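Asker: After the structure tokens below, expect a handful of questions from me.
Every read-out reported here was derived from the displayed coordinates using simple, explicitly stated rules and does not represent laboratory data. Source: prediction; values computed, not measured. Quick reminder, even Gly has a Cβ in these numbers, built from the backbone with ideal geometry, and neighbours come from all protein chains shown.
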Amino acid sequence: MSEKSAYARAGVDLQAGHDATKLMSEAVKATYGPHVLSDVGSFGGLYAAGQLQEMRSPVLVASTDGVGTKTMVAARAGRWDSIGQDIVNHCLNDILVQGARPLFFLDYVASARLDSLQIAEVVNGVAAACRSAGIALLGGETAEMPGVYQPGELDLVGTIVGVVEREQIIDGSRIEAGDLILGLPSSGLHTNGFTLARTALHDLDWSEPMAGLDGRTIAEALLAPHRSYLEPLSVWLDSGLEVRGLAHITGGGLVDNPLRILPPNIGCLLHRDAWQIPPIFTLIQQQGNVSNAEMAHVFNLGLGMLAFLPRHDAEEALRLVPEALIVGETRQGAGAVIFDT
């Protein structure tokens, strides 16, 4: 057996990094289209932006985010196939709310010790979500950082860049009192609230199927991938409907996120009985003894995206996207989210 290098003895295994790159390279290349001019391992990703010349006034929209402590759920479950999808779809939804369509994505994966199979599984999930969205995984970074991260822990961050015509930017400024709020269902917690969820559910068996979770285990319910809203929102945005505002329900839950787009003199009322709250949230609330107010402030409670439309467009919006639900309306008054119970 060959002697370890000084760098490996210090905690960084260069060979593991090379192995991870080989394992993920085919999945990454599968996201490339004619606009990608670079290869895996290049110092920088090259993306031909000639298509933007066809637009009247293109505006680039960028977002960076992470999956937070959902990585600790993946570690406890020993599953790394879904969190890569989480980070892509989270970032994708963030730029969709401004009307942007995605162009390319970059990822960052870091750990105390690089496990090539684990890293490749994560990045393969990133690549799968990019392929589904029709965008390139243009580049990224895999970092081994002993002393910064705890052993067994992993961090996952992503950056997305998209584009929108200036005149088609959605910023919520046109929202008026009396507009209807349509909700699109979430697939679960998505990528927020996991510190509270892990604490509340810590002492339960995460591997045993539960009748209250429709036969799923706690691990399966928690690791359900963050849903992409590219398809339904594209249907609405391409149809000519007047989508006045969109709110991605992430950190801050159903309380804070609508406030990010509501004009100062507009509040909104959400009807709790208008949608079904998934059982994983009920379990968290019961086990953690969490109030209704705090649940709404932390979690999406089953609604991952809210759309604000004038009443005359609501019927057509529901016809085009049947899964959407009317969950509330806006009203005159200082910006606030109120729930009727």
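Asker: Most exposed first by the Cβ proxy, i.e. fewest other Cβ within 10 Å, how do 153, 144 rank?
Answerer: 153, 144
Asker: Under the classification rounded if a/c is under 1.5, otherwise prolate if a/b is larger than b/c and oblate if not, where does region 144-217 fall, given a ≥ b ≥ c as square roots of the Cα gyration tensor eigenvalues?
Answerer: oblate
Asker: Lys/Arg Cβ at +1, Asp/Glu Cβ at -1, dipole of the chain taken about the Cα centre: which of 108, 234, 274 is farthest positive-ward?
Answerer: Result: 108.
Asker: Please list, in chain and number order, the residues 5+ apart from residue 328 or on another chain whose amide H is under 5 Å from its amide H, with Hs placed from the backbone.
Answerer: Answer set, sorted by chain and number: 181, 271.
Asker: Please give the calculated 222 nm ellipticity per residue for the chain, where each DSSP H segment of at least 4 residues contributes -39500 (n - 2.57) and the sum is spread over every residue; nearest 500 deg cm²/dmol?
Answerer: -10000 deg cm²/dmol
Asker: Could you tell me which of rounded, prolate or oblate describes region 54-211, using a ≥ b ≥ c as the square roots of the eigenvalues of the alpha-carbon gyration tensor, with rounded for a/c under 1.5 and, failing that, prolate when a/b is larger than b/c and oblate otherwise?
Answerer: oblate
Asker: Hey, another quick one. Take the alpha-carbon centre of region 210-246, take the same for region 296-311, and report the distance between them in whole Å.
Answerer: So the two Cα centres are separated by 11 Å.
Asker: Tell me which residues come under 5 Å, amide H to amide H, from residue 304 once H is placed; ignore anything under 5 positions away on its chain.
Answerer: 184, 186
Asker: Give the shape of the chain as rounded, prolate or oblate, defined through the alpha-carbon gyration tensor: a ≥ b ≥ c are the square roots of its eigenvalues, a/c under 1.5 means rounded, and otherwise the shape is prolate if a/b is larger than b/c and oblate if not.
Answerer: Oblate, since a/c reaches 1.5 and b/c is not below a/b.
Asker: Step through the residues of region 206-218 one at a time and calculate ³J(HN,Hα) from phi using the Karplus curve (6.51 cos²θ - 1.76 cosθ + 1.60, θ = phi - 60°), rounding each to whole Hz and writing x for Gly and Pro.
Answerer: Each residue's phi maps through the Karplus curve to give 7, 9, 9, x, 10, 4, x, 10, 6, x, 8, 7, 4 Hz.
Asker: A further question follows. What are the DSSP H helices in the chain that stretch 18 Å or more along their long axis, judged by alpha-carbon atoms, and whose average Kyte-Doolittle hydropathy comes to at least -1.0?
Answerer: Answer set is 14-29, 83-96, 116-133.
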